[in-house]
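The structure appears right after this line, and notes come after that.
The values are calculated or read from the model by the stated rules, or taken from the named source; none is laboratory data. Bear in mind that the values here come from a model prediction, so they are computed numbers and not experimental data. Here the Cβ is made from the backbone with ideal geometry for all residues, glycine too, and neighbour counts use every protein chain on show. All accessible areas refer to the heavy atoms of the entire protein, side chains included, with ligands and DNA or RNA removed. Shrake-Rupley method; radii C 1.70, N 1.55, O 1.52, S 1.80 Å.
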Amino acid sequence: MSQTDFSVRVASVTPVAETIKRFRFERVDGEALPIFSGGAHIVVSMKDGSVTRRNAYSLMSDPADPSGYEISVAKAEESRGGSVFMHEKVKVGDVLTISAPVNLFSPDWRGRKHILIAGGIGITPFMSMMAQFDKAGVAFELHYAVRERARGAYLEDLVARYGSARVKTYVSEEGTRIPLEDILTRQPLGTHLYVCGPDRLIAGVLDAGRDAGWPDYNLHAEHFLTPPPGKPFSVELTRSGKTVAVGEHESILEALEAAGVDAPYLCRGGACGQCETGVAACEGILLHNDLFLSDDEKASGKKIMICVSRFEGQRVALEL
Amino acid sequence: MLVEPIKSRPVYKGITVDPRARRHIFVLEGEGANALLEQKDKLTPAILAETDILYVARGSVGRGYEEALAALDAGSDWTAPTVETLLFRLKVVLGSADMGTRLYIAGTEGFIGQAMQIALDAGMDYSAIPTEHRGSLARRVQCVHCKGITENVTTSPFTCTHCGLSLFVRDHYSRRIGAFQGVIIDAEEPGNVPEPEELYL
Ligand code: FES
């Protein structure tokens, strides 16, 4: 546990919708948690037998409430264990380690108006943002799409809390869809747009925004990338002199942590750039899965984002 | 000593029409008209139909552009008598503009700064506004002592038109007021003012 980590007790576990549960964490020592800003996430460390899993989850409680943090976890269909562990193993009273909040999806507070577009569990970062917007009297609109009503978390709660003028919900099974074009073509100058959810939704919304003439500067996205599995391989570390085996369902970062090698990270999802690592030698191909490096950087073979990217081939050495 | 290497100077990257914007507002001063005229080949009829031109001649170098701009046959084309009237019109236009609007500014540094300020007040972001520096290098300078703004400063030091102090022009630029900073040069030895140099013609 590093200095910025907190030991927390699970204060409650609440089923919210089919396959979605909400967890509330309070500090074991009873102290206050740091106040955060809307859009922030924490990394939850889970001891699952001999492996430690670390997953990033957006905080969805009121940012001004330091008595506890709340997250909502959707049980991923092809989960690598993290969300299944949270769903099946974590009970009220359990003690977990969480990181201090980090915000990689902060709203632009100079914005005059904020359009939030959420797909499925991508709603969570917006819950804390909306609490802040509402308190500050900042204009916002939420457009929230789910596949089926039974799996939609907080659909009614949000409408009840913020009103149907500000919260619009769409259920694809019922044939209602986000009217993107209409939304994008009637926003005043100074509007910012944020999208969080499945990759397809994010790509579609960003494209539609650019097609509607929005400057890139006003379009923001939070991707939830999970490290994809792949063939096992091993990495040589030039600084520590170690060689670490990376398993099929493990990222390089996770393998390093398990081997006691400290590597920096923030998002663990290929977006923030924190885990960028120099490649000292590579006989084979780097499988870049991140959203951070430019195409040129990827092609150069000199850098890798170890939280999501992999390797296939004879030998790879990292500057760690 | 008259020129300090301070890095707050704005960078004007130049203007290229963004074909994805649904409306284009060109705000041009004097030779800034060329920033638009030189892109004729990119201006399709569809883009031109959604283009508004706000132009002000100002100064001796701005002659002849009015006709050339009119010949583009843009959606709207207006020549303002003064910079102030142009800025006022810009404010009104941006007040009803939406997120698909791109604003382009070209002209002298002082003009760009003033138009930029209107745009920022309208909620636009600096980074989303293409700018191009055309024409004189004359600076708009704010006296840090009396806060008065002197337009068209081409020398350093110069005499503040408001309080009469001898000011040297720093490279320090304020985006908020769209002006460089002028600081008293003879504070230690009043009257000891170096010869003005023509630096910003
Ligand atoms: S930790 Fe953020 S990109 Fe790897």
*List the pairs whose first member sits in the range B:146-166 and is among the charged types (D, E, K, R), whose second member is not in a loop (DSSP other than H, G, I, E, B), and whose Cβ atoms are under 8 Å apart, counting only residues at least 6 apart or on separate chains?*
B:E151/B:G110; B:E151/B:R140
*Output the number of the condition that B:V92 fails; it satisfies all remaining conditions of (1) in contact with a strand residue (DSSP E or B) (Cβ under 9 Å, 6 or more places away or on another chain); (2) in a helix (DSSP H, G or I); (3) surrounded by fewer than 22 Cβ atoms within 10 Å (Cβ to Cβ).*
(1)
*Report whether or not A:S67 is buried (at least 17 other Cβ atoms within 10 Å of the Cβ) and in the same structural domain as A:V44 (by TED's automatic domain parsing).*
no
*asked:* So, A:V44, is that one within 16 Å of the ligand (Cβ to nearest atom) and of a type in the set (A, V, I, L, M) or not?
replied: yes
_Being crowded, with 17+ Cβ neighbours inside 10 Å and within 16 Å of the ligand (Cβ to nearest atom) narrows it down to one residue among A:V8, A:V102; which is it?_
A:V102
*Between residues in the range A:244-260 that are closer than 14 Å to A:L320 by Cβ and not assigned by TED's automatic domain parsing to the domain that holds A:D48 and residues that are open to solvent by less than 60 Å² (accessible area, probe 1.4 Å) and assigned to a helix (DSSP H, G or I), which pairs lie under 9 Å by C-beta distance while being six or more apart or on different chains?*
A:V244/A:I252; A:V244/A:A255; A:V244/A:L256; A:V246/A:I252; A:V246/A:E254; A:V246/A:A255; A:V246/A:L256
*Just one of the numbered conditions (1) within 16 Å of the ligand (Cβ to nearest atom); (2) over 13 Å from the mean Cα position of the chain (by Cα) is not true of A:N55; which one?*
(2)
_Unique residue being on the phi > 0 side of the Ramachandran plot and within 14 Å of chain A (Cβ to nearest Cβ) when the list is B:G95, B:G100, B:G123_ = B:G123
*helices (runs of 4 or more DSSP H) completely within the range A:127-229 that count 3 or more residues being within 14 Å of chain B (Cβ to nearest Cβ) and charged (D, E, K, R)*: A:199-211
*Check the range B:182-193 and report whether any residue there is within 25 Å of B:Y12 (Cα to Cα) and not in a loop (DSSP other than H, G, I, E, B).*
yes
_Single unsatisfied condition, A:A245 versus (1) of a type outside the set (F, W, Y); (2) away from the ligand (no atom under 15 Å from the Cβ); (3) in a loop (DSSP other than H, G, I, E, B)_ = (3)
*Qualifying positions in the range A:289-320 - assigned to a loop (DSSP other than H, G, I, E, B), free of Cβ contacts under 8 Å to residues at least 24 places away in the same chain and either open to solvent by less than 40 Å² (accessible area, probe 1.4 Å) or away from the ligand (no atom under 11 Å from the Cβ) (or both)*: A:L293, A:S294, A:G301
*Looking at the range A:256-265, which of its residues are within 14 Å of the ligand (Cβ to nearest atom) and either farther than 22 Å from A:V44 by Cβ or open to solvent by less than 50 Å² (accessible area, probe 1.4 Å) (or both)?*
A:L256, A:E257, A:A263
*In the range A:266-288, how many residues are open to solvent by less than 40 Å² (accessible area, probe 1.4 Å), within 11 Å of the ligand (Cβ to nearest atom) and not in a loop (DSSP other than H, G, I, E, B)?*
1
*Which members of the range A:230-241 meet the condition of being open to solvent by less than 80 Å² (accessible area, probe 1.4 Å) and outside any strand (DSSP E or B)?*
A:G230, A:T238, A:S240, A:G241
